[in-house]
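To start, the structure under review is shown below, and the notes come after it.
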Amino acid sequence: MEKRTLYYWSRIYSAQMQKGMPYTELAKTITINILNFRFLRETERFHTTFHLYEDQEQFPLTDVMEIHFMEIPKLMDKWEQRAVNPHDNELERWLLLLEADDHEEIRKELEAIAMRDPVMKRAFDEWEDLSRDEKKWVEYESRRKAILDEMAAVREAEIRQQRAREEGLAEGEARGERQKALEVAKKLFAMDMSVDAIAKATGLSAEEIEKLKQQLH
């Protein structure tokens, strides 16, 4: 995700450049990533902002780069804990609106806010208009399904990669343990211990011990 947002940022930033244009005219570029999954393990804050800073003294290199991550699952956790206040916080209000369609309690809360927030009221009015227009609704549901399908595909790919890493790690550990057992068995052979005793000491089977004995001789 971090590489993806840097790629998008760089495309937007570099697209400003025209032939003969001085670099001083390049405008500040901001990317905002609204994520429906947990991304940053280092913090439970749902909104994080990044800039370019010097490592030791933390002074900024430039203000042209700004990257935001807004993690909806973290926001929803805070909503359940009553640790957010959409009445007073405009960002929380608009992010929660993304969940209002599937969360009746949030919808009712935002509808109450819309009574005194004309911009929020307009959003709800637009939503009602969309709901009444069957063609627009079908288009909306098609876009929503495509987004959900893409999210599911990404998540499945992440799960497969994680399983592959875990299986590879387990397989590597198993090979390592077996190699250690074989090394111990070789040393016990040098001490003239019996096959049964070596098998008990190392966890190797009698067949494996016999095969190792033949290799050594």
Discussion item. I need the GluC sites (Glu not before Pro) found in region 1-68, filtered to DSSP loop residues with at most 10 other beta carbons within 10 Å of theirs.
Written reply: GLU42, GLU54, GLU57
Discussion item. If I take every Cα pair under 8 Å that is 6 or more residues apart in region 1-83, average their sequence separation and divide by the length, what percent do I get for the relative contact order?
Written reply: 32 percent
Practice prompt. Quick one: check the C-alpha center-to-center distance for region 1-37 versus region 155-217, whole angstrom.
Written response: 52 Å
Worksheet item: Quick one: helix 104-114 against the long Cα principal axis of the chain, what's the angle to the nearest 10°, folded into 0 to 90?
Response: 30 degrees
Practice prompt. Please report the base-10 log of the normalised intensity I(q)/I(0) for region 19-124, using a Debye sum with one equal scatterer per alpha carbon and no solvent, at each q in 0.12, 0.14, 0.22 (1/Å).
Written response: -0.56, -0.70, -1.16
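Relative contact order of the chain, please, whole-number percent, based on alpha carbon pairs below 8 angstrom and at least 6 residues apart.
It rounds to 10 percent for the chain.
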Item to complete: Treating each Cα of region 68-217 as an identical point scatterer and ignoring solvent, apply the Debye formula and state log10 I(q)/I(0) at q = 0.12 Å⁻¹.
Response: -0.70
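Please tell me which of these pairs span more than 25 angstrom C-alpha to C-alpha: LYS78/LYS108; LYS3/LYS74; LYS28/LYS74; LYS187/LYS211; LYS180/LYS211; LYS28/LYS145?
LYS28/LYS74; LYS28/LYS145
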Discussion item. Quick one: 3J(HN,Hα) in Hz for region 46-60, Karplus 6.51/-1.76/1.60 with θ = phi - 60°, rounded, Gly and Pro as x.
Written reply: 7, 10, 10, 10, 10, 9, 9, 10, 5, 4, 8, 9, 6, 8, x
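Throughout, read-outs are computed from the coordinates displayed, never taken from laboratory work. Just so we're clear, the structure is a prediction, and the values are computed from it rather than from any experiment. Every residue, glycine as well, gets a Cβ built from its backbone with ideal geometry; the counts of neighbours run over all protein chains shown.
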